[in-house]
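Visitor: Below you will find the structure I want to go over with you.
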Amino acid sequence: MKLIASASLLLILLVAANYALAAGDAAKGKQIYDTICVACHGPDPSKDGPLGPSIKGSSAELIKARVILGKYPDGYKPKRDTAMMPPFPQYKDNIDDLAAFLK
Ligand code: HEC
């Protein structure tokens, strides 16, 4: 009985931890945005920046493709046909944070 109880507790903890990861940390995302992305996308992601387009509402899939791989998801029509944005693979673990901030 005790074993089942601890196994269920462990399961609940694992699910909760997984959910926390998947949800992303918007505050952390904002911190990265304000440090890196702001230079080209401007202080307000819902407006076009000095160099990059507005990116408010970008999906995690799109952010991942741009930030880690410097590409676009299959079938996605880019807002610009330039290729000026360099990838920032050092933020590979923060895609969900950026997505939470930009949503
Ligand atoms: C050096 C300038 C620069 C920086 C820094 C930059 N971007 Fe960009 N970004 C661009 C430009 C310019 C485009 C338009 C496509 C191109 O030319 O690469 C773009 C396009 C994008 C797009 C695709 C928009 C669309 O729907 O077509 C996303 C998403 C994006 N950037 C996210 C980010 C995030 C997140 C960061 C910060 C980690 C960031 N960018 C940092 C310049 C930049």
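What follows draws every value from the coordinates through simple rules; no lab data is involved. This is a predicted model, so every value here is computed, not measured.
Visitor: Pop out the ³J(HN,Hα) list for the range 41-52 in order, Karplus 6.51 cos²θ - 1.76 cosθ + 1.60 with θ = phi - 60°, rounded to Hz; leave Gly and Pro as x.
Guide: 8, x, x, 10, x, 7, 10, 5, x, x, 10, x
Visitor: What are the ³J(HN,Hα) couplings of the range 82-90, residue after residue, when phi is run through the Karplus curve with 6.51, -1.76, 1.60 and θ = phi - 60°? Round to Hz, x for glycine and proline.
Guide: For the range 82-90, the Karplus curve yields 7, 9, 8, 7, x, x, 10, x, 5 Hz.
Visitor: Take every Cα-Cα pair in the range 25-102 and report what % of them are more than 19 Å apart. Working shown, then result.
Guide: Numbers: 755 of 3003 pairs.
Counting pairs separated by more than 19 Å, the tail of P(r) holds 25 percent.
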